[in-house]
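Q: One structure follows; several queries about it will come next.
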Amino acid sequence: MPVLVCPPEGDRIRGEREALDLIGDAGYRGARWVAVPAERFDEAFFRLSTRVAGDIVQKFVQYRTGLAVVGDISRHTAGSAALRDFVRECNRGRQTWFIADTDELRERLKG
């Protein structure tokens, strides 16, 4: 499965515009998934009340491109039951995953 793996350094992903840029890059490169380090996301992404995460995830779903948020987000989930539930529900699906590292992504894509 072709995956566009984003480096940790780079512009922050703040909303739909940056999501569309990533989706476009993935399409151009023939990737069906985009793996983005968690630290690239703006803090608002991890506060569900802002709707940033929902808007970004919806764009990826709309364009049929998988999104993997890669890295430790425990500091965000520790303070938010809603975010923990969101992560758990995403990880049950086949479109958006919150994963520890690219090895985990590789294993999930095999299954």
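The values are calculated or read from the model by the stated rules, or taken from the named source; none is laboratory data. Here the structure is a predicted model, which means the values were calculated and not measured. Virtual Cβ from ideal backbone geometry, glycine too; neighbours counted across all protein chains shown. We work out accessible area using only protein heavy atoms, side chains counted, and drop any ligands, DNA or RNA first. Shrake-Rupley method; radii C 1.70, N 1.55, O 1.52, S 1.80 Å.
Q: For the chain, calculate the relative contact order in percent as a whole number, restricting contacts to Cα pairs under 8 Å that are 6 or more residues apart.
A: Relative CO of the chain lands at 25 percent.
Q: Roughly how many nanometres apart are two label points built 7 Å out from the Cα toward the Cβ at Arg88 and Asp42?
A: Here the answer is 2.9 nm between the modelled labels.
Q: Same structure, new question: Do me a favour and compute the ellipsoid semi-axes for the chain from its Cα gyration tensor, root of five times each eigenvalue, largest one first, whole Å.
A: 20, 16, 13
Q: Here's another thing I want to ask about it. With a 1.4 Å probe and all protein chains kept in place, how much accessible area does Val5 have, in Å² rounded to the nearest 10?
A: 90 Å²
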